[in-house]
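Take a look at the structure set out below.
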Amino acid sequence: MTSPDTIFALGTGAGRAAVAVIRISGPGAGEALKALAGRLPEPRRATFVVLRDPASGDMLDRGIALFFPGPVSSTGEDYAELQLHGGRAVVEGTLAALQRLSGLRPAEPGEFARRGFANGKLDLSQAEALADLIDAQTEGQRRQALRVAGGALRHKVEGWRAALVEALGLVEAELDFSDEFDVGAFSPARLSALLAPLAEEMRAALRLAPASERMRDGFVVMILGRPNVGKSTLINTLVRRDLAIVSAIPGTTRDMIEAHLDIGGLPVTLIDTAGLREAADEIERIGVDRTLARIESADLALWLSDSGEAPPRGDIETLRVATKIDLRPASEGVIGICALSGEGLETLAGAIEARARACLGDGTEALIVRERHREALERALESFETVRSRDAPLELQAEELRRAARALGRIVGAVDVEDVLDAVFSRFCIGK
């Protein structure tokens with residue numbers, strides 16, 4: 001698929017920078033580059049050029065130009081790239097010059113990646129992983145996104161679909177050509193032998209899915225305790241800025257405050273909460289109620305106290321933390337900290353990291369990283385169970401195998417999923 005439109009956009013962040021990259025893709029990319037640079041560089045070779053406004057002849061900048069003829073390009077089309085000085089005036093002047101050229105228009109969000117997908121340069125799972133890579137804030141998220149962007153899920157799904165096609169061929173041959181002498185007799189055992197290891201591989205991938213999905217969202221840690229035990233001081237110390245108001249007045253924290261941290265390369269969300277007590281007023285009561293409701297979806301709770309008391313609830317994994325150990329020592333089995341001096345914080349961070357790693361993994365085995373992937377794989381497995389039931393008619397088995405293949409195809413965008421495509425690529429920035 002080659003679009004008749006030629007698009008352009010800034011591919012780097014907006015604002016002042018050392019270098020700015022402007023991308024151009026489409027049938028008019030070469031002519032656009034020639035109009036600004038005066039010549040078309042040798043394909044795939046970085047070339048120093050002087051860029052001028054075609055309308056006025058005024059020099060815009062000196063920079064580097066590259067040209068990649070389609071289909072051997074990131075979008076599968078003729079593709080050009082300008083590497084310029086990153087000043088706002090340079091970028092805006094160059095974009096304005098491109099805007100004035102006939103046949104060019106600004107790109108829509110994600111349009112470069114979508115053209116690459118349409119032209120077979122990447123599948124849907126890889127496109128989603130590119131978005132995750134852009135959003136990655138920790139080492140674990142980066143590893144996971146790179147693994148999927150590199151085609152790990154694509155290759156696995158292609159293998160699963162190939163095995164499905166072989167199984168479907170057995171069933172279809174029995175349905176359509178069972179009376180032909182050169183078609184071997186249908187064997188349910190042979191079909192089961194094909195599907196059994198395939199189903200187990202899929203189940204193994206699904207077992208890793210919760211951790212992979214959580215890696216994208218982060219490990220959630222609630223900071224709980226009575227008023228004035230040091231919850232807000234702790235979160236301020238960990239994020240190294242005054243995020244929460246610290247006061248000796250009970251009930252100062254009325255609403256939940258979130259902070260996103262990188263602990264051991266893993267994404268951790270800390271949530272400072274209202275102190276758990278009988279609320280003194282309606283607003284504080286709302287804060288306490290929100291805290292209690294939010295606990296249900298947390299992965300870990302830190303129960304802070306300055307007296308060593310046990311947490312009031314045991315329905316969530318909890319680390320007991322004794323605060324203000326500069327005034328009194330911590331009890332056995334309790335992590336002691338002093339948020340003001342930093343004592344004990346390394347031990348606390350290590351304990352949080354250990355639990356986060358047990359929940360999230362490290363991203364190196366990630367395959368099913370999104371709810372959409374998981375639901376498609378679950379649908380494929382449901383069809384497998386119907387096929388593996390020997391009581392099912394062959395016609396039903398064939399249809400269920402086709403349904404399983406379609407479900408797997410949706411993961412990588414191999415079937416018609418326009419609504420999914422719109423949702424995926426609209427999340428990209430303009431220059432991607």
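A 1.4 Å probe over all protein chains sorts Phe48, Phe8 by accessible area into Phe48, Phe8, starting with the largest. Three principal axis extents describe the C-alpha atoms of the stretch 86-215; from largest down they are 76, 40, 15 Å. Given C-alpha coordinates of the stretch 32-143, what is the ratio Rg to Rh with the Kirkwood estimate of Rh? Radius of gyration relative to Kirkwood radius: 1.03.
Applying 1/(1 + (r/R0)^6) with r as the Cβ-Cβ distance of Asp58 and His85 and R0 = 25 angstrom yields a FRET efficiency of 0.95.
Rounded to the nearest 0.05, the FRET efficiency derived from the C-beta distance between Leu340 and Glu201 at R0 = 51 Å is 0.45.
Quick note on the stretch 41-94: its Rg to Rh ratio, both from C-alpha atoms and Rh being the Kirkwood radius, is 1.03. Eigen-decomposition of the gyration tensor built on the alpha-carbon atoms of the stretch 327-419 gives equivalent ellipsoid semi-axes of 52, 17, 8 angstrom, largest listed first.
The values are calculated or read from the model by the stated rules, or taken from the named source; none is laboratory data. Only a predicted model underlies this, so the values are computations on that prediction, with no experimental measurement involved. Note: ideal-geometry Cβ built from the backbone for every residue, glycine included; neighbour counts use all protein chains shown. To get the accessible areas, we keep the full protein, side chains included, count just its heavy atoms, and leave off ligands, DNA and RNA. Shrake-Rupley method; radii C 1.70, N 1.55, O 1.52, S 1.80 Å.
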